[in-house]
Amino acid sequence: MKKNISHLQQPKEPTNEIKTGNHQIHAETSGNGNPRRDFLQKMTLGGLSLGGLMTLPIEDTLAHTTSKVNRLSNPSELKITDMRIAQYGNVPLLKIYTNQGIYGLGDVRDGADKRYALMLKSRILGENPCNVEKIFKRIEQFGGHGRQGGGVSGVEMALWDLAGKAYGVPLYMLLGGKFRDKVRIYVDTPTVTDPDLFAEKMKERVDQGFTMLKMDIGIGLIKDIDDTLTNKEPWMPLRGWTDQDVMSHTQTRHQFTNIQITQKGLERMVEFAAKARAKVGYEIPLAIDHFGHMGYNEMIKLARAFEPYNIAWLEDLIPWQNTEQWKRITESITTPTLTGEDTYHKRNFKDLIENRAVDIVHPDPGSAGGYLQTKKIGDYAEEFEIGMAVHHAASPVTFMGTVHAIAATYNFIGLEHHSVDNPWWEDLITGLDKPLVKDGYVTVPEKPGIGVELNEEEVKRRLRPGEEFFAPTEEWNEVKSWDRTWS
């Protein structure tokens, strides 16, 4: 019987050829050694003499000489056979299975419904997972902004992990190679209500080794202080600040709240930035997020008040869709502006980029459409001299996958780490040295695919109540609609 040798990995070292009869066999060189002698030694140590080797058919000879080669798969014959979910907390972990035993891992964006991904299963079964862009073309119509992009993005990310494993290369190589060996992290820091305690917390981040910081300073910190906000009364308690009612403060677009911030309110909010700067100094980049829902005029007023503290960027001041208003803000202040964590697909970043409405784009692979879409967004922004920071608040699987995508993107600035204070977050995966973040940077993995595997026992321990560990999902196997959106 002939042995399949069409998918052997290439040797890692330069090779020389040794002729045996009418055939040529590649022998690895080692240092300055004689390749012929090295090859003969390896054959003897391998239990087969040169005489015995020369009497074998060439297929058996190659099978023996490459017996230690790791055949991860036969990529051209891979087929998707299943997709399942295991959810911990608000993050649905996603696993795509194949007919050759290898699988890919991803997740649906934090806070998203796992059904955004499950409804795509029937549309990917039987496909070759290495045809990532082909599959993406089929499912991209089912993605949307914010968490609605989580299903398409999660599938795309798992496919890239699978493709890397199939070809035996790290993900960044499939995305064009890497610009950097390490990825810089900026760490999210939720605000406490006391500015002095908050400054101490920011200093702790620096002591942990982080070299780029982000803090949340919003009008929620001052809403209970007299004379800090104008027109807040209709929003509390009638419409609320944190509930999910369509008329609540949190559910109303910024321009329609008509809330204004007073000089006293500005001073109270700026106090947080001033005391943080006093603790961490001015050499550490320091960004600000979560301002609250106010119109763009108020955001310009607030941004100008922060300018003396050399803020790295102001994030999500208004909804990302309001390109013209973003442009007005950006052109009115000196602090860089940034948005995009809830934007789905490169095509929806084009308005912001082409109009230079923001200084930095900010995709989240879990909403943007996955790893390749994130790179495409960064590459397009680069054409307009716009940088890219990357948002992430989900599992360590896609955190490390995002590291690969960032390594392959030139105009990268920083990657968000949203789980620094979670003591078991890194325990969800195995395969890499820990801690993952050292001195403010993450090393780009060199293992196939993303380079990590799940710690199944830890995932089982952290499963959301009522959830099962990758339970069967046969009810999602059948396509029940005609998906074409044109006649």
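FYI, it's all coordinate maths here, none of it is from the lab. None of the values given here were measured: they were computed from a predicted structure. Every residue, glycine as well, gets a Cβ built from its backbone with ideal geometry; the counts of neighbours run over all protein chains shown.
Residues that are in contact (Cβ under 8 Å) with a residue 12 or more places away in the chain and within 30 Å of Gln100 (Cβ to Cβ), at least 3 per element: which helices (runs of 4 or more DSSP H) completely within segment 143-244 meet that?
Numbers: elements: 150-167, 171-174, 195-207.
Counting at least 3 such residues, we get 150-167, 171-174.
For segment 93-132, which residues satisfy the criterion of being touching a residue at least 24 places away in the same chain (Cβ under 8 Å) and in contact with an Asp or Glu (Cβ under 6 Å, 6 or more places away or on another chain)?
Result: Leu93, Leu94, Gly104, Leu105, Ser122.
With Thr335, Thr343 as the choices, which residue is farther than 21 Å from Glu156 by Cα, assigned to a loop (DSSP other than H, G, I, E, B) and of a type in the set (Ser, Thr, Tyr)?
Values: Thr343 fails: farther than 21 Å from Glu156 by Cα.
Selected residue: Thr335, the only one of Thr335, Thr343 that is farther than 21 Å from Glu156 by Cα, assigned to a loop (DSSP other than H, G, I, E, B) and of a type in the set (Ser, Thr, Tyr).
Would you tally the residues in segment 352-405 being within 13 Å of Gly340 (Cα to Cα), of a type in the set (Gly, Ala, Ser) and more than 8 Å from the chain's Cα centre (by Cα)?
8
Would you be able to say whether some residue in segment 246-265 is surrounded by 13 or more Cβ atoms within 10 Å (Cβ to Cβ) and without any contact (Cβ under 8 Å) to a residue 12 or more places away in the chain? If you could, list the steps in order and put the result at the bottom.
To start, the set of residues in segment 246-265 that are surrounded by 13 or more Cβ atoms within 10 Å (Cβ to Cβ) comprises 248-252, 254-255, 257-262, 264-265.
If we keep only those that are without any contact (Cβ under 8 Å) to a residue 12 or more places away in the chain as well, we get 251.
The answer is yes, given that some residue of segment 246-265 is surrounded by 13 or more Cβ atoms within 10 Å (Cβ to Cβ) and without any contact (Cβ under 8 Å) to a residue 12 or more places away in the chain.
Note down all Cβ pairs under 8 Å where the first residue falls in segment 466-487 and is touching a residue at least 12 places away in the same chain (Cβ under 8 Å), the second is assigned to a loop (DSSP other than H, G, I, E, B), and they're at least six residues apart or on different chains.
Filtered contacts from segment 466-487: Trp476/Met119; Asn477/Leu125.
Against the condition surrounded by fewer than 24 Cβ atoms within 10 Å (Cβ to Cβ), within 20 Å of Pro445 (Cα to Cα) and either in contact with a Gly (Cβ under 7 Å, 6 or more places away or on another chain) or of a type outside the set (Asp, Glu) (or both), how does Ala393 come out, does it pass? Write out each step before concluding.
Working: surrounded by fewer than 24 Cβ atoms within 10 Å (Cβ to Cβ): yes; within 20 Å of Pro445 (Cα to Cα): yes; either in contact with a Gly (Cβ under 7 Å, 6 or more places away or on another chain) or of a type outside the set (Asp, Glu) (or both): yes.
So Ala393 passes the test.
Look through segment 294-332, keep the residues that are outside any helix (DSSP H, G or I) and in contact with a Gly (Cβ under 9 Å, 6 or more places away or on another chain), and return whichever of them is farthest from Ala381 (Cα to Cα). Explain how you work it out, then say what you get.
Step one: filter segment 294-332 for residues outside any helix (DSSP H, G or I), giving 294-295, 310-322.
From the residues that got through so far, the ones that are in contact with a Gly (Cβ under 9 Å, 6 or more places away or on another chain) too are 312, 316, 318, 320.
Details: Ala312: 18, Asp316: 17, Ile318: 20, Trp320: 15 Å.
Checked segment 294-332; the qualifying residue farthest from Ala381 (Cα to Cα) is Ile318.
Looking at segment 429-468, which of the residues that are over 23 Å from the mean Cα position of the chain (by Cα) and of a type outside the set (Lys, Arg) is surrounded by the fewest Cβ atoms within 10 Å (Cβ to Cβ)?
Pro465
Look at Thr330 and say whether it is of a type in the set (S, T, N, Q) and surrounded by 20 or more Cβ atoms within 10 Å (Cβ to Cβ).
Values: of a type in the set (S, T, N, Q): yes; surrounded by 20 or more Cβ atoms within 10 Å (Cβ to Cβ): yes.
Spelling it out, Thr330 is indeed of a type in the set (S, T, N, Q) and surrounded by 20 or more Cβ atoms within 10 Å (Cβ to Cβ).
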